[in-house]
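Notes follow once the structure below has been shown.
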Amino acid sequence: MSQSALQKARYTYRPKLPPALRGEVSAMAVALGAATTSIANQKELQSLFPNTYGAPVASVGQGKNLGATKKLTLVVVLSGGQAPGGHNVIAGVFDGLKKGNPASRLLGAQGGPKGLIDGKFTEITDEFMNGFRNTGGFDMIGSGRDKIEKPEDLEKVVAVLNANSIDGIVVIGGDDSNTNAAVLAEYFRAHKVAASVIGCPKTIDGDLKNEHIETSFGFDTACKTYSELIGNICRDANSAKKYWHLIKLMGRSASHITLECALQTQPNLTLIGEEVAANKSTLDQVIKQVAGVVAKRAEQGHNFGVVLIPEGLIEFIPEVGALIAELSDALAHDQEGSNEFGKLSSLEAQLTWLGKHLKPANSSVLQSLPADIQRQLFLDRDSHGNVQVSLIETEKLVIEMVKRTLKLWASEGKYLGKFSAISHFFGYEGRCAFPSNFDADYCYSLGFNAFVLFSAGLTGYLSSVKSTQKPVDQWTCGGVPITMMMNLEQRHGKPKPVIRKALVELDGKPFQFLKKHREDWATESTYLFPGAIQYYGPPEVCDQPTKTLLLERN
């Protein structure tokens, strides 16, 4: 198979490990702290997870770990969307397992959780593993979005574990995938199944984090990839001086990617969904905010600029968010019942049906939206039964409505500029990039640490690597009980236990930095040009974490 020069070079990169994960694995001990509670809904979650709820936070240090040298068989599962560094998590598990006992085996579930249900595995050997080290993508074993929740599926998994003498599972995924890991751990304990389950925090969206999970893997690489593209566009805008570029960035539930890319590139305007929600801004107010920056720059003769928009912006606008929430519930209940809506083909008929099933205020908002946006709201639901916000072309909606507003202002003599706009959506471009050195090191440490947690007999934990704003030789390792991070949320119209998503904190240092500088960035073309990810060179060039992490932790 032909390979690029970078591909060959990255295979040989040796990820750096924190001090706690160096040396003999039999000397990597796990210490346990006090019992924990969930962040909300304590009584309900304790009743749902009676066998695993309340487990203590774990830390990895020096001591004895007799379980690390046992002959074991583990299986790794990639779950959910791709994120740079997933292969290195597997490499970390593999190397830790083999270092403990060369006779141990690591299996990869083919196609994600479905492979675990069906017992379809690929055995990971040295040669096979070496072909994927430090590379992007999930093509090594594939991923999937299946959930292992139904009794029949849980029973199948137990049968597969027994048939293959599997001692444990490492789930590599985001908040929903690791919620599923907690469900598996609880089921195994309740049914006296010896296998353990450890999770690793993955999502480029950056919304799986807390005091113990400082960042989810893939966020660093994805943001650097997007920021290179944004920087290129900023340079082009400042060169041509005739286009406004509205760039939508991945991140439905939180605006972390948008905020980080803004810190890296300094665009003229950055919309943060959490701020829009906190201010209870209407769609009209958001449009006037964008139009206001366009008009202010036009007064200076600058009929160009760059605006960053989070994927989930439209859902953060209270009036539209309320519509989407009720719409998701109404369509989910209909799909589970008579599926009347699904049989309607015309937009007029769909609007008439929804007029009978939505509150008058929400129905009014729906009627006010352009027909194209209405149709996008009715597209197939996602795996949670919700409206697929990523399919709503928010950036184009903003452009059209800004044009309308500027035309009105021009007729009133309030605007004399020109507005030519180009829309972009950066999403898939960042999910499978070669991981940055930070993500390569972080992911490898997460995987190796997951093996150590497993070898110490823990289950229902998420691998945790901390102090990541510092050099790797100052990182610390441990584990956090998944139930500690959970609350109840509405899914398919019903309350369900899930890991709570972390939103952008408006009083946090990253957002406050943006807030402090955004007026200057709006009027001045003070763009930054991060350039491509650097893999070789001085640490200040190739090993730096995100600006978000540096601001939050320093």
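If I go through the range 155-167 residue by residue, how many of them are more than 24 Å from residue 93 (Cα to Cα) and in contact (Cβ under 8 Å) with a residue 12 or more places away in the chain? Residues that pass the stated criteria total 1. If I filter the range 310-320 for residues that are in contact with an Asp or Glu (Cβ under 8 Å, 6 or more places away or on another chain), surrounded by 23 or more Cβ atoms within 10 Å (Cβ to Cβ) and under 26 Å from residue 404 (Cα atoms), do I get at least one hit? The answer is yes, given that some residue of the range 310-320 is in contact with an Asp or Glu (Cβ under 8 Å, 6 or more places away or on another chain), surrounded by 23 or more Cβ atoms within 10 Å (Cβ to Cβ) and under 26 Å from residue 404 (Cα atoms).
The residues listed here are 363, 368; of these, the one that is more than 30 Å from residue 527 (Cα to Cα) and modelled with pLDDT under 90 is 368. Being touching a Cys at 6+ places or on another chain (Cβ under 8 Å) and in the same structural domain as residue 545 (by TED's automatic domain parsing) is a description that does not apply to residue 271.
Determine if the range 135-146 includes at least one residue that is more than 22 Å from residue 222 (Cα to Cα) and free of Cβ contacts under 8 Å to residues at least 24 places away in the same chain. The answer is no, given that none of the residues of the range 135-146 is more than 22 Å from residue 222 (Cα to Cα) and free of Cβ contacts under 8 Å to residues at least 24 places away in the same chain. Among the residues of the range 1-47, those identified as among the small types (Gly, Ala, Ser) and assigned to a loop (DSSP other than H, G, I, E, B) are 2, 4, 23, 33, 34, 35, 38, 40.
Of 321, 301, 305, all but one fail to be modelled with pLDDT under 95, assigned by TED's automatic domain parsing to the domain that holds residue 372 and not hydroxyl-bearing (Ser, Thr, Tyr); the exception is 321. Candidates are the residues of the range 116-142 that are assigned to a helix (DSSP H, G or I) and of a type in the set (Asp, Glu); the one that is nearest to residue 172 (Cα to Cα) is 118. Residues that are buried (at least 18 other Cβ atoms within 10 Å of the Cβ), of a type in the set (Lys, Arg) and within 24 Å of residue 204 (Cβ to Cβ) occur in the range 426-440; there is at least one. Checked against (1) among the small types (Gly, Ala, Ser); (2) in contact with a Cys (Cβ under 7 Å, 6 or more places away or on another chain); (3) surrounded by fewer than 21 Cβ atoms within 10 Å (Cβ to Cβ), residue 4 passes all but condition (2).
Restricting attention to the range 244-254, does a residue exist that is surrounded by fewer than 23 Cβ atoms within 10 Å (Cβ to Cβ), out of contact with any helix residue (DSSP H, G or I) (no Cβ under 6 Å at 6 or more places or on another chain) and closer than 21 Å to residue 470 by Cα? No, that holds for no residue.
Please tell me if residue 393 is over 16 Å from residue 281 (Cα atoms) and at pLDDT 90 or above. No.
A quick yes/no check of all residues on (1) of a type in the set (D, E, K, R); (2) at pLDDT below 95; (3) within 19 Å of residue 194 (Cβ to Cβ):
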position: 61; (1), (2), (3): no, no, no
position: 71; (1), (2), (3): yes, no, yes
position: 82; (1), (2), (3): no, no, no
position: 85; (1), (2), (3): no, no, no
position: 100; (1), (2), (3): no, no, yes
position: 108; (1), (2), (3): no, no, no
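The set of residues in the range 475-499 that are surrounded by fewer than 16 Cβ atoms within 10 Å (Cβ to Cβ) and of a type in the set (Gly, Ala, Ser) contains only 493. All conditions but one from (1) in contact (Cβ under 8 Å) with a residue 40 or more places away in the chain; (2) among the acidic types (Asp, Glu); (3) over 30 Å from residue 251 (Cβ atoms) apply to residue 152; the one that does not is (1).
Consider the range 450-478. How many of its residues are farther than 23 Å from residue 499 by Cα, of a type in the set (Lys, Arg) and in contact with a strand residue (DSSP E or B) (Cβ under 9 Å, 6 or more places away or on another chain)? Qualifying residue count, the range 450-478: 0.
From the list 452, 472, 504, the lone residue that is in contact (Cβ under 8 Å) with a residue 24 or more places away in the chain, surrounded by 16 or more Cβ atoms within 10 Å (Cβ to Cβ), within 30 Å of residue 403 (Cβ to Cβ) and of a type in the set (A, V, I, L, M) is 504. Restricting 345, 338, 281, 328 to those that are in a loop (DSSP other than H, G, I, E, B) and within 30 Å of the chain's Cα centre (by Cα) reduces the list to 281. Restricting the search to the range 288-304, which residues are within 13 Å of residue 406 (Cβ to Cβ) and crowded, with 19+ Cβ neighbours inside 10 Å? Of everything in the range 288-304, those that are within 13 Å of residue 406 (Cβ to Cβ) and crowded, with 19+ Cβ neighbours inside 10 Å turn out to be 290, 291, 293, 294, 295, 297.
Checking each residue in the range 145-165 for being more than 17 Å from residue 52 (Cα to Cα), in a loop (DSSP other than H, G, I, E, B) and within 29 Å of the chain's Cα centre (by Cα) picks out 145, 146, 147, 148, 150. Test residue 101 against the criterion of being farther than 22 Å from residue 457 by Cβ and surrounded by fewer than 19 Cβ atoms within 10 Å (Cβ to Cβ), and give yes or no. Criteria not met by residue 101.
In contact with a Phe, Trp or Tyr (Cβ under 9 Å, 6 or more places away or on another chain), surrounded by fewer than 15 Cβ atoms within 10 Å (Cβ to Cβ) and not in a loop (DSSP other than H, G, I, E, B): is that true of residue 106 in this structure? Taking the combined requirement at face value, the residue does not satisfy it.
Table: residues versus (1) of a type outside the set (A, V, I, L, M, F, W, C); (2) touching a Lys or Arg at 6+ places or on another chain (Cβ under 7 Å).
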| residue | (1), (2) |
| --- | --- |
| 482 | no, no |
| 487 | yes, yes |
| 491 | yes, no |
| 497 | yes, no |
| 512 | yes, no |
| 515 | yes, no |
| 524 | yes, no |
| 537 | yes, no |
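With the condition kept exactly as written, say whether any residue in the range 173-185 is free of Cβ contacts under 8 Å to residues at least 40 places away in the same chain and surrounded by fewer than 21 Cβ atoms within 10 Å (Cβ to Cβ). Within the range 173-185, not a single residue is free of Cβ contacts under 8 Å to residues at least 40 places away in the same chain and surrounded by fewer than 21 Cβ atoms within 10 Å (Cβ to Cβ). The sole residue among 77, 89 that is under 25 Å from the mean Cα position of the chain (by Cα) and either of a type in the set (D, E, K, R) or in a strand (DSSP E or B) (or both) is 77.
The residues on offer are 237, 254, 182, and the sole one that is in a helix (DSSP H, G or I) and in the same structural domain as residue 291 (by TED's automatic domain parsing) is 237.
The values are calculated or read from the model by the stated rules, or taken from the named source; none is laboratory data. What you see is a predicted model; the values in this text were computed from it and never measured. Note: ideal-geometry Cβ built from the backbone for every residue, glycine included; neighbour counts use all protein chains shown.
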